[in-house]
1. Could you grab me the full set of residues in the range 71-91 that are in a helix (DSSP H, G or I) and closer than 22 Å to GLY144 by Cα?
2. Return yes when ASP218 is in contact (Cβ under 8 Å) with a residue 24 or more places away in the chain and within 24 Å of SER69 (Cα to Cα) and no when it is not.
3. Which one of the conditions (1) out of contact with any Leu (no Cβ under 9 Å at 6 or more places or on another chain); (2) touching a residue at least 12 places away in the same chain (Cβ under 8 Å) does ARG205 fail to meet, given that it meets all the rest?
4. Which of the following residues is buried (at least 24 other Cβ atoms within 10 Å of the Cβ), touching a helix residue (DSSP H, G or I) at 6+ places or on another chain (Cβ under 6 Å) and not in a strand (DSSP E or B): HIS200, HIS170?
5. Quick one: in the range 203-233, of everything that is out of contact with any Phe, Trp or Tyr (no Cβ under 7 Å at 6 or more places or on another chain) and crowded, with 17+ Cβ neighbours inside 10 Å, which residue is farthest from GLY280 (Cα to Cα)?
6. For the range 262-273, check the following and say yes or no: at least one residue is part of a loop (DSSP other than H, G, I, E, B), modelled with pLDDT of 95 or more and closer than 25 Å to ILE164 by Cα.
7. Can you find even one residue in the range 27-45 that is over 23 Å from GLN120 (Cβ atoms), surrounded by fewer than 20 Cβ atoms within 10 Å (Cβ to Cβ), in contact with a helix residue (DSSP H, G or I) (Cβ under 6 Å, 6 or more places away or on another chain) and modelled with pLDDT of 95 or more?
8. Cβ contacts < 6 Å: first residue free of Cβ contacts under 8 Å to residues at least 40 places away in the same chain, restricted to the range 83-112; second residue in a strand (DSSP E or B) and buried (at least 23 other Cβ atoms within 10 Å of the Cβ), any location; separation 6+ or different chain. Result?
Amino acid sequence: MRNARNSLLAVGAIVLGALGATTGFVGPALAKAKAEAPAKGLTPQAVVDGAWRSPEDRARDSVRHPVASFEFWGIKPNMTVAEVRPGAGYWTDLLAPYLAAGGGKLIVTSGDPDKMTDAQKANRDRFLKRYQDNPALYGTLEVGVFAANSDKPLAAPGTVDLIISSRNFHGFVLQNIKDYALKSMYDALKPGGLVAIEQHRGDARRPQNAATGYIRQDWVIAQMRQAGFEFVAASELNANPKDTKDHPFGVWTLPPTLQTAPSGQPANPNFDNSKYKAIGESDRMTLLFRKPAK
């Protein structure tokens, strides 16, 4: 969620915040991981331990629970997986090597390049370059379009096994593209295909306010069902009971953003965020849905 609020509220770009430097492909590290993994590819733990990952991403593994998420969502190495709005690439750095080693395929989404500004295109190209420069590690990423102002698809209809949408649902609501987003995902999935959702979880006792970044779990489930999906399961693997969900700058008051002033205003050096550091990252729902087999 680096610069997460801006990247979610900007239509058309894969990522609008600073992407930062990333480590390159480490040949011996990948060879070692492959040697220790089953013959058919890498294990989820092997990619989590991968030397190509940034220190910042590694530091968040204890709160993002990637291995448990792989297991709960049923990610298999030979799947075709689409990642909606990959942000700064936390999941991309895990999914791409895992799928490339196992014979699968990863699709990441972008806005419609025919309707992007030059700055948006530059950010898109910068994001993709780090993966395209290391095909031995990341394989060949495909790029789908996720943009309500475009008639281009997320993926060819009925070709995707699993779609991952992490911390996006409030953005769909704020941008008034929820119906587009769910239909786009539904169309791309094979019959029986899955949608994996991780989202900041709102308090079910309070009115929903997507501007805080929190969305109610019961509402998300209802919206997915209304769009034609079957609810499969919910997990508490990303739960955080310390999150009171009533922070002055919404979910962005918490780590990793630690916002100290209203959006659009300079940071406030006098804001004491020790309380929010102690809370940690947000309480999040982790859900799985299925497109009906027939």
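1. Within the range 71-91, just TRP73 meets the criteria.
2. No; evaluated as a whole, the condition is false for this residue.
3. The one condition ARG205 does not meet is (2).
4. Step by step, each of HIS200, HIS170 is checked, and only HIS170 is buried (at least 24 other Cβ atoms within 10 Å of the Cβ), touching a helix residue (DSSP H, G or I) at 6+ places or on another chain (Cβ under 6 Å) and not in a strand (DSSP E or B).
5. Looking at residues that are out of contact with any Phe, Trp or Tyr (no Cβ under 7 Å at 6 or more places or on another chain) and crowded, with 17+ Cβ neighbours inside 10 Å, I get GLN223.
6. no
7. yes
8. LEU106/VAL81
The values are calculated or read from the model by the stated rules, or taken from the named source; none is laboratory data. These numbers come from a predicted model, not from an experiment. A quick note on method: Cβ atoms are made from the backbone with ideal geometry, for glycine too, and the neighbour counts reach across all protein chains shown.
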